[in-house]
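The values are calculated or read from the model by the stated rules, or taken from the named source; none is laboratory data. Note that the structure is predicted; figures quoted are calculated from it, not measured. Cβ: placed from backbone, ideal geometry, glycine included. Neighbour counts: every protein chain shown.
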DNA sequence: GATTTCATGTAAGACGTTACATGATTCA
DNA sequence: TGAATCATGTAACGTCTTACATGAAATC
């Protein structure tokens, strides 16, 4: 039984900020949404599942002005499951997977995060080369209107890859042990 | 009845290069895959649907060495449906939607493509500002290990947005009517 | 007074992925 | 001779989205 990323995203959010389904969805919407969109109903459907796994526990909190809510917090088992999942690179590691791990970086080994950043940076460099080859190939064939546009889409990939390379580089620097300045 | 993007992607690929399901999946894998991944089985499942809509027609081609195949090509109705769909911005226009329209740009009005590029560029600029605000907000709160990593994920969005802005700018330039050089 | 927002969820169904299936051909 | 690839699909299933549902509070 291997879970998709979404339950771990919800688990991680609950770990960072315990709360109700509504709270967690709102939190997602101002944090991971930018690189990992997750809908409110998706959050709701993951919660019972995580509770059955024993990774979070919910407590019913009665309210006057609003419907009663169920507030969740992570269990020690849940935190371990989160860490284990974060430490292992995603099956088909995409940039979002690495960004997600960076966001939950406090729950994982810095060593592992650094490794994943390095690995993805290489992937991005390879991708960039691949796309540049496509751009040149189209140049060689001659650029009519249609090919100009096709080439533009390849250029999109190139710029994308370059942004990714720049980001992994600057993020790797953050993880490096601070260099003591000798006097 | 409103269709998702996938059937239109398959329709567009068939328009660009008529062929079998296998051919189309292979074509997708060396073109739109970079910004719009679509699986082989997904392609297969869209084909009968597109044929029922009268947007493509399939002809059985018997083969000796391999299983018989069904080769598809677009109908005039299909090409009109494709154009109509491309001309209207996606409900929640994401960058991929615009890249997709650029890829199929030969089937749509250049005017409309230019509009969508301009619109998305503005979106990206707004997003960049939003993310920069988050970066600064975290600076103001003080940067512990966890916040440094959270900030890094916001930085990812910033670099991403900047790449997008750069791409829309350079692609817009391609669509501008060539300036005649007087002299 | 009507509409929007807050706060909480449930239910249905489309979408897309992973696994299964087949048989010939080429490569090691 | 065995494994991998080509070429064609089908079937099952889980994920995720869209629509539905409720009622109080705030806003216009």
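A few comments on the model shown:
- The criterion of being touching a helix residue (DSSP H, G or I) at 6+ places or on another chain (Cβ under 9 Å), in contact (Cβ under 8 Å) with a residue 40 or more places away in the chain and on the phi < 0 side of the Ramachandran plot does not hold for residue B:134.
- Restricting attention to the range A:85-95, the residues being within 13 Å of residue A:8 (Cα to Cα) and assigned to a helix (DSSP H, G or I) number 3.
- Residues satisfying the stated conditions in the range B:141-158, i.e. assigned to a helix (DSSP H, G or I) and either more than 7 Å from chain A (Cβ to nearest Cβ) or closer than 21 Å to residue A:152 by Cα (or both): B:141, B:147, B:151, B:154, B:158
- Check on residue A:105, away from DNA strand C (no atom under 16 Å from the Cβ) and in contact (Cβ under 8 Å) with a residue 24 or more places away in the chain: no
- Matching option when the condition is farther than 23 Å from residue B:96 by Cα and either at the interface with chain B (Cβ under 7 Å from one of its Cβ atoms) or at pLDDT 95 or above (or both), among A:161, A:114: A:114
- Qualifying residue in the range B:30-40 (condition: more than 14 Å from every other protein chain (Cβ to nearest Cβ), within 11 Å of DNA strand C (Cβ to nearest atom) and under 30 Å from residue A:92 (Cα atoms)): yes
- Subset tally (residues that are surrounded by fewer than 12 Cβ atoms within 10 Å (Cβ to Cβ) and either within 14 Å of DNA strand D (Cβ to nearest atom) or within 14 Å of another protein chain (Cβ to nearest Cβ) (or both)) for the range B:50-79: 11
- Tally, over the range B:45-62, of residues that are more than 14 Å from DNA strand C (Cβ to nearest atom) and outside any helix (DSSP H, G or I): 8
- In summary, residue A:26 fulfils each of the numbered conditions (1) surrounded by fewer than 17 Cβ atoms within 10 Å (Cβ to Cβ); (2) within 11 Å of DNA strand D (Cβ to nearest atom) with the single exception of condition (2).
- Taking the listed residues B:123, B:116, B:96, the one that is out of contact with any helix residue (DSSP H, G or I) (no Cβ under 8 Å at 6 or more places or on another chain) and crowded, with 17+ Cβ neighbours inside 10 Å is B:123, with no other qualifying.
Table: residues versus (1) under 30 Å from residue A:166 (Cβ atoms); (2) touching a residue at least 12 places away in the same chain (Cβ under 8 Å); (3) in a helix (DSSP H, G or I).
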position	(1), (2), (3)
A:6	yes, yes, yes
A:22	no, yes, yes
A:36	yes, yes, no
A:43	no, yes, yes
A:64	no, no, no
A:73	no, yes, no
A:83	yes, yes, yes
A:98	yes, yes, yes
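- Condition met for residue B:66 (within 12 Å of DNA strand C (Cβ to nearest atom) and more than 30 Å from residue A:133 (Cα to Cα)): yes
- Taken together, the residues in the range B:80-98 that are under 17 Å from residue A:145 (Cβ atoms) and within 13 Å of chain A (Cβ to nearest Cβ) amount to 1.
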